[in-house]
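The values are calculated or read from the model by the stated rules, or taken from the named source; none is laboratory data. Here the structure is a predicted model, which means the values were calculated and not measured. All Cβ positions, even for glycine, are placed from backbone atoms using ideal geometry, and neighbour counts span all protein chains on display.
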Amino acid sequence: MQRNEASADDALREVRRALRAVGRVPRVISSIVALVMLAASSVPVMADRDMTGLIVVGVPSVISVMLAFRVRAALGEDDVLLITGYVRSSRIALREVHAFVDVPYAGWWNGFAGSDGWTNFGLRMLEIELRGGRAASLPESICSGRRTTSIADLLNSWADERSPLNRRAAVED
């Protein structure tokens, strides 16, 4: 019994460690865009001391970076996956999930063009297939291909272990 609890704790720790990667890509992209925008808008400020360009371009860029630090994913003790995006949060009960799927990113950063073409830079996101047959995309889970595949595999194995269907099967054995 203690061995199963220890392996469950290790698996939970591994899932939580993998979920830390969610949010890194938006932070990097937002920071690069903000630096470019601030540099471009500072040229007119230096030329004629007009702060309008810096305010109009710089403030939204800085706000974008600040919002990017909200993007994260966490697995709660109650088997609920919480994914926080720029402005919305999604709470997903693992017992309702049939599968986590790794799909090409389709979101704001690439104009919602869900392909693996040059506009996507190999970025991927999670999509959830719910037990009722519905599916939902989670563009806030944007990561590199390897990380997203790893996260999907870990979440699928964790959800399978914790599934009420599996618990019933274990009790019947």
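When L19, L35, L67, L54 are screened for being over 30 Å from N156 (Cβ atoms) and modelled with pLDDT of 90 or more, only L35 passes. For the stretch 87-106, a residue qualifies if it is under 20 Å from G133 (Cβ atoms) and among the small types (G, A, S), and the qualifying residues are S90, A93, A99.
Restricting R13, R24, R88 to those that are within 13 Å of the chain's Cα centre (by Cα) and surrounded by fewer than 14 Cβ atoms within 10 Å (Cβ to Cβ) reduces the list to R88.
When V71, V28, V65 are checked against the criterion of being touching a Phe, Trp or Tyr at 6+ places or on another chain (Cβ under 9 Å), of a type in the set (V, I, T) and under 30 Å from D102 (Cα atoms), V71 stands alone in meeting it.
Do we find that L19 is under 27 Å from R146 (Cβ atoms), free of Cβ contacts under 8 Å to residues at least 40 places away in the same chain and out of contact with any Phe, Trp or Tyr (no Cβ under 9 Å at 6 or more places or on another chain) in this structure? No: the conditions fail for L19.
In the stretch 54-99, the qualifying residues are those that are of a type in the set (S, T, N, Q) and touching a helix residue (DSSP H, G or I) at 6+ places or on another chain (Cβ under 7 Å), and the one that is nearest to T148 (Cα to Cα) is S64.
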